[in-house]
């Protein structure tokens, strides 16, 4: 079948000339002269002696040990930060802190649109309000609950039961 191919394609199927033999540039490794093997007696003084104990093996941390070490370091750092913050905390500096928890009413499940003026209007019917605190998140949006501090404990306690029966929102007395 190759006989019907044109000449230029037949040249592709023609055998190539054999590779000419060239002697190796260096001696073969087998034929090289090498020094004979000798003992290690002359190097023995460079090894450990029996009088010195061998050095201790270095301790290589496993993944679990490394994780545990990182966890402990993180806990220590967190505990240190908390201690620093506690040492620097002054309750008088906190404008949101209430002065007396027995005069404070906690109101939860508030609508996010509720404002301080609406709360004041609703709750002032039960007594004089000293302060209303609506906690906000980082973006400045209300969190859905508030703290209402009355000026007297008796005002808040007197109307507390009436308030629970009248409104259907969750109220917790501190």
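The values are calculated or read from the model by the stated rules, or taken from the named source; none is laboratory data. It should be emphasised that the depicted structure is a prediction, and the values quoted were computed from it without experimental measurement. Heads up, the Cβs are rebuilt from the backbone with ideal geometry, glycines too, and the neighbour counts pull from every protein chain shown.
Summary table below
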quantity	calculated
Unique match (being within 30 Å of residue 131 (Cβ to Cβ), over 26 Å from the mean Cα position of the chain (by Cα) and loosely packed, with under 10 Cβ neighbours inside 10 Å) among 90, 45, 8	90
Index of the failed condition, residue 78 passing every other in (1) surrounded by fewer than 10 Cβ atoms within 10 Å (Cβ to Cβ); (2) at pLDDT 80 or above	(1)
Among the candidates 38, 85, residue that is assigned to a helix (DSSP H, G or I), free of Cβ contacts under 8 Å to residues at least 40 places away in the same chain and either surrounded by 10 or more Cβ atoms within 10 Å (Cβ to Cβ) or out of contact with any strand residue (DSSP E or B) (no Cβ under 9 Å at 6 or more places or on another chain) (or both)	85
Flag if residue 21 is at pLDDT 90 or above and surrounded by fewer than 10 Cβ atoms within 10 Å (Cβ to Cβ)	yes
Where a residue in segment 50-75 is surrounded by 10 or more Cβ atoms within 10 Å (Cβ to Cβ) and its partner, wherever it lies, is modelled with pLDDT of 95 or more, with Cβ under 9 Å and at least six apart	61/69
Candidate set: segment 102-115, residues that are exposed (fewer than 15 other Cβ atoms within 10 Å of the Cβ) and over 36 Å from the mean Cα position of the chain (by Cα); chosen: the one modelled with the highest pLDDT	115
Matching residues, segment 117-135, being exposed (fewer than 15 other Cβ atoms within 10 Å of the Cβ) and either at pLDDT 90 or above or in a loop (DSSP other than H, G, I, E, B) (or both)	117, 118, 120, 121, 128, 135
